[in-house]
1. Report, ordered by chain and residue number, the lysines lying within cross-link reach of LYS221, taken as a straight Cα distance under 16 Å and ignoring same-chain residues fewer than 8 apart.
2. Give the calculated FRET efficiency between SER30 and ASP60 to the nearest 0.05, with a Förster radius of 35 Å applied to their Cβ-Cβ distance.
Amino acid sequence: MRWRFLLGTALAATTVAGCVGTKDIEAIQSQNRDIQRELANAQEMASTKEEVARLESRIDEHTSALLKSEADVQVGLQRLSEQIEQLEANLADTTFRLNDLSQQIAATNQELRAVRNSLGAGAAAGAAADPSSAASVPDDPGALYEAARADYVRGNYELAILGFNQYLEHFPDSELADNARYWIGECNFSQGNYMQAIREFDRILTQYPRSDKLASALLKKGYAYLQMGRDQEGRIQLRSVINTYPGSDEAALAQQRLDALDRES
């Protein structure tokens, strides 16, 4: 190194100090001081390099730890996102089932009120004609409808279909005729007879243009197509519910089902 060379030169110059003048001695002493400063600087730089090396090593360690932590966080976030998506799908399915159940309960309550009114009117008419027959009205349409509806609720779908068909045969123009046709479709749907269910729902759409079951019939028709794997036709029916009956419970159910289909695809 340069400082060693300069130091050697200075030492050599010192041995011949007696042969040179004062200025030469001063120059040599100045060189000595310069060499000492350079030596001190070199030692300081060596110490600084070691510190830098240690700092770089610590930075590398911290960087590796941070990168590992970030990777772990990303994996955790991905798992959390997947869990949230699954929970949302489960919630949408539960909401769909609850809304469908609420719809059926509301329809049942409405029909029970109609049956009670019909039973009351039939009993009053029977009592006026023959007081002894007031307690039994075997040909009452409300009683026949109520029996078929009870069979449906209990899962006796064949008996329910038989009862509703009998109701339609004897009372085709009654207030509950469209409901009877709708529940025949529901019975077939519950049995997995989806094509027959679609036919029954179509009959409601064509034969009872003022029925309060139109939206429900169109919705269940879409469900039937989806159950048969005919997704495109099912989607068309569900969109028709949304466009034809906006703001209805059936439209909300149709939208939920379409959203679920989109998530699955």
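1. LYS213
2. Numbers: r = 44 Å, r/R0 = 1.27.
Calculated value: 0.20.
Throughout, read-outs are computed from the coordinates displayed, never taken from laboratory work. Quick caveat: nothing in here was measured; it's all calculated off a predicted structure. So basically every Cβ, Gly included, is an ideal-geometry build from the backbone, and we count neighbours across all protein chains shown.
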